[in-house]
Each structure stands twice: as C-alpha cells, then as structure tokens.
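S.K.: I have a structure I would like to understand better, so I am pasting it below and will then ask my questions one at a time.
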Amino acid sequence: MLELEMPSVSGAGSGGPGLLLSLLHSRSQLLGRMSRELASCTGREEVYRCLGRVALPELGDWCDLDVLQDGVLQRAAAFRAPHGAVHGPPGGPPSLLARRVARSGHPELLQGPDEQVAVLLSSGEETLPRVRAAGPLDCMAVPLRLAGQLLGVLSFASREPELHLDEDALALAEDLAGCVALALETDRLRQELKRARHHAQRQAADFQTLLDVIPVGIGIAYDRECRYIHQNGWFARLHGLPLESNISLSAPDTELQPIRYLDGNGRALIPEELPMQRAAATGQEVLDVELDLEVHGQRRGTIVVSAVPLFDEEHRPRGSIGTIQDVTARKRATEAQRFLAESSVALSSSLDPEQTSRTLVELCVPALASVAAFCGWRPDGTLGMLMLTHADPTLQPLADEVARTFVIPEGHPIHEAMMTGRPRLIPVLEEASSWYAGGEAQRQGPCHGLGVHSVMLIPLAAPQGVAGVLVLGSTDRACTEEDFTFAQEYAAHATYAIDNARLYREARDAISLRDEFLSIAGHELRTPLTSLQLGLLHIVRESATPGDPARLSKWVAMCQRQGERVGRLVGCLLDVSRITAGRLPMVLEEMDLSALMEEVAARMGAELEKVGCPLVLKLQSPLRGRWDRSRLDQVLTNLLGNAMKYGQGRPIEVTTLATPEGVCVRIRDEGIGISPEDQARIFGRFERAVSERHYGGLGLGLWISRQIVTELGGHIRVESVQGQGSSFTVELPRWVEG
Ligand code: ADP
C-alpha cells in the first residue's frame, strides 16, 4: 500500500469559497492534466502517486484508494495533505464508506460537519476516535469501474471548511475514478502482456532446447507448400547438412539440397508425395512412411516419417510438423536376422560339403559382398579358392579361372587366416599384386581383375580346426566394421552347416571304409586260416598212417607260417585299437639298428627268395641308440615286406647310416611306385593305393609304422616315381628319452 503525505498547496487553505468554485471551473483542466500524467505512468505505484499529486488538494485533503484483490477490497494507497496534524492511520482497512460503495456500486457524498462522516470514514470502532479527532467535514466515495466491472473505490474527505465537497466535486471524482480505472487497467494489461511475452519467450527457449536435444528428427514448415522446412539438430546430423539449410524438396531452386527420399522400390518421391507436404496440403495426418534417405547420392539410412498438419484460426492447414526416426540399425538388424534365418535353412538343406560351401558363397552375393570365395585345402595339399562367385556375371568366367588356378601361397593373408583362424578386415586393398593367381588371373591379380577394392577374411573355425576361409570382397566401397561383424556372425552360422556336412561325409566315409576294411580283413584272415585248416587236415592224415616224416614236417612248417601270418594280422588289429585309444607304450633299450636290420632281412630271406627280389644291404655298423626293439622290428619288417610285395621281383636296397641328427634307414625298391596323390595318403589309416584284388593287405602297416616312428621322435617319408619304384626313409634320433 502506498501512503503519502502531500505537500500543502499554497492557497488551498487560505482561499475563500470562491476557490472551490474556481477549482471546479478548471475541472476539465484537471482531468486533462490527470490523463496526461497517467498516460506516462509505467506502473501501479506511479498511478497512485499521480492520483495523489493531481487530486489533492483540489478534491479535499484526504484521499483513499481501495482496490479489489481476489474479490476483497483492500487499501492500496492513502494520501493526507499535511494540514496541521496527519490524520488517520497509515494504511489500514478500507473505510465503512468505501466498503458500502463497493457493495452498492453507487457514488456517495456526505456533507458535514456530522458525526456520521467520521463514522463512515473510519473502518470501525477501533479507528473511529482517531478519525473523529481529525475532524472531517465532508466526504465522498466513487466506484472505480471499467467496462461495468468494479475495480475498487476512490474516497475523498475534506477537513477544511473552505473546501466543501459537493455534487460537482463528486462528478469530478467520478471522472477521475474513470481515468484511474483506465490507467490501472492499462497497467494490468501491460503487466499481463509482459508476463505473457516472458512466458512465450521461455516456452520458445524450452521448445528450442527440446528440439536440440530430442533424439528424433523434427521438421517444421509454416506454409502450405512447405517451401521452407526448419530442421532440428538431429535432423541436420542425419542429413549431414548445416542446421540452417532448407531441407525441403519444395524449396526454391536456389535453396534446393541434393536430397532424395526413395520408397521400397528404390523410386525417388516427388515433393508432393512427401509426408510433410501431403499433411500440409490435405490437412490430414500422414503416419509411418518408411523411406531411404540419400544425400549427395550416398545412402544415409532408412527413416520413418510421420507428419501432422498445422491449422490457422479458421482451421485451414497452414503448414506441418514432421517427425523422422532413423530405423537404419533396426531395419538392418531385422534384415540380418531374416538373412541368417534364411541362410541357415539354405545351408542345412544339403549334407554335401561342396554343395554347402557353394550355398555359403552364393548366399553372400550380393547380400554381403560383390565377390565371395570359399578357400580351403585341395586334395593335393595346396590352399585354393574352392568356390568363387562374382556379382557381375560377365566377370564370372574370370572368377572361375581364378578359382581353378590360384594357389594361395604361404604368407598370403588368406593363408595366414587359414593357419591362425583369425578374421581380418582389409578396408582398402593396397597390395593387389600380392593377390596373384595363375593364367589370365595371374597377369592381373585376382582381386585386381575382379575389381575388388576391400576385403574381409573370415575363417570358419570349427571345433576340429579351421574348416576354410570365407573371403568377401567389395568392388564399390570399403567394407566397414559393421559389415565385418555381421560377416563373422554369418560365418559362425555357416560353420555349423559346413562342419555338419564335413562330419557327415567323414562318418559316411568312415562307415564305408570300415565295411571295406572288414571285408578285406575277413579276406586276409580267411586265406591263412584256410591254409592252416588244410595243413592240419594233412597232418592228421599223415599221423594216422605211418608215412613220410619229411612230408609231415613240411605240413607242420606250413601251419606254423600260416599261424604266424594270422598272428601278425591280429597283432595289427590290436595295434590299431591301442593307437586309437592313445596307448602305444615303448619299451626302450640300448641296441644296434644295423644288427636289427640284418636280423629282419635274415628272417625274411626265404620269402625274398620266393618272390625273386635280390636284397642289397648297405649297413653302417654298429648304429647304436636307445629304441623299442620289437616296435622298430615291426617298422622294418613292414617296410621290407612292402618292398617285397610291390617290388615286382626287382632288387631291393637297404641302407643304414648315421646322420648329424641321429640315424637313418632307407629301403628302396624298383617296383610299381606310388603316384604323387597317393603318396599323400598312404600313411593314413586303412589307406591303400592298390586294389585289394591284386595285392592283399589291410592298409595299416604304414599307418602303424608312422605312429611308432613318431612316438620314437623321428619321421618317415616316401619318395617315389610311379612305375619306377619307391624309397621309404625312416629318420630317428639316437637316444630317445623314456
Ligand atoms: P598294405 O597292407 O596295404 O600294404 P600299408 O599301410 O603297408 O598297407 O601300405 C599302404 C599302401 O601303400 C599300400 O596299399 C600300397 O598301395 C602302398 N605302398 C606301400 N609300400 C609300397 C611300395 N614299396 N611300393 C608301392 N606301393 C607301396
């Protein structure tokens, strides 16, 4: 509340009755001054001050202004001209008169001196004595009203006998009240406007912050054609364009940005088809439109756009707001899941390893790469590209040639991946020349010729080792970490299929090998057993009748030989199960290798003679060392036995000699020889390079020999030219630790 003591106006107390009259005459001047001064007021307090300044003492020396606040009349300002003592309490509740006028809404004038004036100017019993002591003569109160609405009450009182308040003064007070009401309302509106503006500014700032931080693209257009679309930060980042750029495809030519939105069929939408333009043109919502975004010809991702129209007061569309979500990752993940699910079905549809690896490679093109190859070991032991597919059919013949001729050398990245099982991403293939191949491909280098610029090498790591390397190449862009991760996930899926197919083939091969082995073993055992049976029959016959003792001992010797043969065969079978179970114990002793060789040769002398193979022994003697005598005997017997069996009656040469590392035995024949492919596999279990019809044998001798030699810390190898003979070499360290 404002309470002021006003300066005494000279003449206010010294004039006669004519003064009030003259003042009333200048009523219009007073009103003019009042409205002028009020017009320059910038706040409520100034309005009050102005009222006090202009109205007193012209309308008395006592003025109260009470205003309605939340429906309650409250004292806002009180002015007392210092005429003698200051009368009345500072502030305080509204007077009874003010309250009465507020209730009735009618102005009131009371002329005194009268006790009633003091009562009405007081606010109740408590303040009455003080008001009474001030000695008010006349009083009046007028409502402050604007547009029929009560704002407060303006009260005046006079204690000067010369300053009587009359009907004219009341009329002037009413006019003044109108001016004050208008000023107060103007001030209220101004304050409200200020608050509203402040609020709007804050809301705009909050909205801008929201636009800046929200992880959704937002575009706003304020015209029906969406010629200018404002974008938020996220949207700008998605486009990779400056925030202030106009991203509308309906923009004027000079502002158009190199943006394209493509539908599911890869067709670029025209501006009128875009969601924001459609919403602004039709006044209808356009929801969840999936589009591919392309900027500067580069695909930036997949977005889902929704747009709602903005309306004016007449509910006519005046623009639109669009929201854009980046669903690239989600879409990619869904596509990836679908791809993996479909590829799993395709990959597991065959149990043939070649077919499975072909499917593996074909599925990759063009979904994961422009060029895909499956690399693995060839039967000749070299590493090659077993399948190679190119997205461009015109380059497929070259791809086939690369697959046929490219031998992946040691040190080559694919070779490394195969050996280490470590995947590798080569975003930019700089050393294309190292990716050489044979023939035409050799001249150009496979990757160069096939147009590959970026490569991913993904080994298929199966439990038994690396089953192969999937090579994925891109011809048009650098492979990314994301591509690399996904390719590995795909390869992990594919490995199961490849491994399954491999295991299936191995199991199938093992079963047919076992069947073949059983039939050979049966055959091998039947022959000596039949001879044994025959021999025993003869012995029984010979012993029943006194006959020729020489004949009897011949049959006994024959039975002995056949018995030994059966024993050897059974021993072989036992060794297989021992080795398979990991139990091949060595009993080491110090011995002479050359002496053992001589012993074996002597034991087999009769048989050698029978097949007509002259034996040449070139033994360095003695060759001492620590080995397992009976196992070494087994190896030498087997090698000499084979030389005899496959030696075609030609000479056999056996050499023993000391080497810097230990000792060496070489058994060389001039027999049928072994082809290079067969040389690689004859040391395998049940592996034979000859037909069982021509030569007997279980295909186990070399396998067992290799296990024994390896167990003794040495190695065994073959050199052979088909049709010219074979040479088997065993190298052993001398002092094998037990
Ligand atoms: P087998 O009992 O069949 O002889 P091995 O394991 O001893 O079994 O030999 C495996 C295969 O290696 C033979 O079937 C044969 O094809 C080939 N082989 C072994 N030694 C010779 C050799 N000296 N000359 C030619 N071929 C041989």
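The values are calculated or read from the model by the stated rules, or taken from the named source; none is laboratory data. Since the structure is predicted, the reported quantities are computational estimates derived from the model, not experimental observations. FYI the Cβ positions are ideal-geometry reconstructions off the backbone, even for glycines, and counts take in every protein chain you see. Remember, those area values only see protein heavy atoms, side chains included, never the ligands or the DNA or RNA. Shrake-Rupley method; radii C 1.70, N 1.55, O 1.52, S 1.80 Å.
S.K.: Please determine whether any residue of segment 193-201 is within 21 Å of L31 (Cα to Cα) and part of a helix (DSSP H, G or I).
M.R.: no
S.K.: Follow-up. Filter segment 605-636 for residues that are over 60 Å from the mean Cα position of the chain (by Cα), within 13 Å of the ligand (Cβ to nearest atom) and open to solvent by less than 30 Å² (accessible area, probe 1.4 Å) and give the result.
M.R.: Residues satisfying the conditions are C613, L636.
S.K.: Still on this structure, please answer the following. Can you say whether S726 is near the ligand (Cβ under 8 Å from one of its atoms), assigned to a helix (DSSP H, G or I) and touching a residue at least 60 places away in the same chain (Cβ under 8 Å), as far as the supplied structure shows?
M.R.: no
S.K.: Let me ask something else. Can you pull out every residue in segment 710-719 that is modelled with pLDDT of 95 or more and either within 7 Å of the ligand (Cβ to nearest atom) or among the β-branched types (V, I, T) (or both)?
M.R.: Matches in segment 710-719: I716, V718.
S.K.: Does segment 537-551 contain at least one residue that is closer than 30 Å to H694 by Cα and in contact (Cβ under 8 Å) with a residue 60 or more places away in the chain?
M.R.: No: segment 537-551 contains no residue that is closer than 30 Å to H694 by Cα and in contact (Cβ under 8 Å) with a residue 60 or more places away in the chain.
S.K.: Within segment 680-698, can one find any residue that is in a helix (DSSP H, G or I), surrounded by fewer than 19 Cβ atoms within 10 Å (Cβ to Cβ) and touching a residue at least 60 places away in the same chain (Cβ under 8 Å)?
M.R.: yes
S.K.: L657 is checked against (1) among the hydrophobic types (A, V, I, L, M, F, W, C); (2) under 19 Å from W703 (Cβ atoms); (3) more than 9 Å from the ligand (Cβ to nearest atom); (4) assigned to a strand (DSSP E or B) and fails just one. What number does that condition carry?
M.R.: L657 satisfies every listed condition except (2).
S.K.: Another question about this same structure. Among the residues of segment 484-500, is there at least one that is charged (D, E, K, R), within 12 Å of L425 (Cα to Cα) and not in a loop (DSSP other than H, G, I, E, B)?
M.R.: The answer is no; no qualifying residue exists.
S.K.: Quick one: count up the residues across segment 663-703 that are within 6 Å of the ligand (Cβ to nearest atom), over 54 Å from the mean Cα position of the chain (by Cα), among the hydrophobic types (A, V, I, L, M, F, W, C) and at pLDDT 80 or above.
M.R.: 2
S.K.: Only one of these conditions is not met by P317: (1) touching a residue at least 40 places away in the same chain (Cβ under 8 Å); (2) surrounded by fewer than 15 Cβ atoms within 10 Å (Cβ to Cβ). Which number is it?
M.R.: Only one criterion is unmet by P317, namely (2).
S.K.: Continuing with this model, one more query. In this structure, does R514 turn out to be in contact with an Asp or Glu (Cβ under 8 Å, 6 or more places away or on another chain) and part of a helix (DSSP H, G or I)?
M.R.: The answer is no for R514.
S.K.: One residue is enough: does segment 406-418 have a residue meeting the conditions open to solvent by 30 Å² or more (accessible area, probe 1.4 Å), modelled with pLDDT of 90 or more and either touching a His at 6+ places or on another chain (Cβ under 6 Å) or over 13 Å from L472 (Cα atoms) (or both)?
M.R.: Within segment 406-418, one or more residues are open to solvent by 30 Å² or more (accessible area, probe 1.4 Å), modelled with pLDDT of 90 or more and either touching a His at 6+ places or on another chain (Cβ under 6 Å) or over 13 Å from L472 (Cα atoms) (or both).
S.K.: Next up: If you take the residues in segment 643-667 that are free of Cβ contacts under 8 Å to residues at least 60 places away in the same chain and under 16 Å from G723 (Cα atoms), which one is least open to solvent (accessible area, probe 1.4 Å)?
M.R.: Looking at residues that are free of Cβ contacts under 8 Å to residues at least 60 places away in the same chain and under 16 Å from G723 (Cα atoms), I get I652.
S.K.: Next question. Select from segment 25-52 the residues that are charged (D, E, K, R) and either open to solvent by 60 Å² or more (accessible area, probe 1.4 Å) or closer than 22 Å to A157 by Cβ (or both) and list them in ascending order.
M.R.: R27, R33, R36, R44, E45, E46, R49
S.K.: May I ask you to list the residues in segment 710-728 that are surrounded by fewer than 21 Cβ atoms within 10 Å (Cβ to Cβ) and either within 13 Å of Q679 (Cα to Cα) or touching a helix residue (DSSP H, G or I) at 6+ places or on another chain (Cβ under 7 Å) (or both)?
M.R.: Once the filter is applied, which keeps residues that are surrounded by fewer than 21 Cβ atoms within 10 Å (Cβ to Cβ) and either within 13 Å of Q679 (Cα to Cα) or touching a helix residue (DSSP H, G or I) at 6+ places or on another chain (Cβ under 7 Å) (or both), segment 710-728 yields H715, I716, R717, V718, E719, V721, Q722, S727.
S.K.: Just checking, how many residues over segment 602-626 are part of a strand (DSSP E or B), aliphatic (A, V, I, L, M) and in contact with a helix residue (DSSP H, G or I) (Cβ under 9 Å, 6 or more places away or on another chain)?
M.R.: 3
S.K.: If A336 passes every condition in (1) assigned to a helix (DSSP H, G or I); (2) open to solvent by 70 Å² or more (accessible area, probe 1.4 Å) but one, which one does it miss?
M.R.: The one condition A336 does not meet is (2).
S.K.: Given the conditions (1) within 9 Å of the ligand (Cβ to nearest atom); (2) assigned to a helix (DSSP H, G or I); (3) touching a residue at least 12 places away in the same chain (Cβ under 8 Å), which single one is not true for E599?
M.R.: All conditions pass for E599, except number (1).
S.K.: Same structure, new question: Give the residue, chosen from V213, V142, that is aliphatic (A, V, I, L, M) and either under 27 Å from G52 (Cβ atoms) or buried (at least 23 other Cβ atoms within 10 Å of the Cβ) (or both).
M.R.: V142
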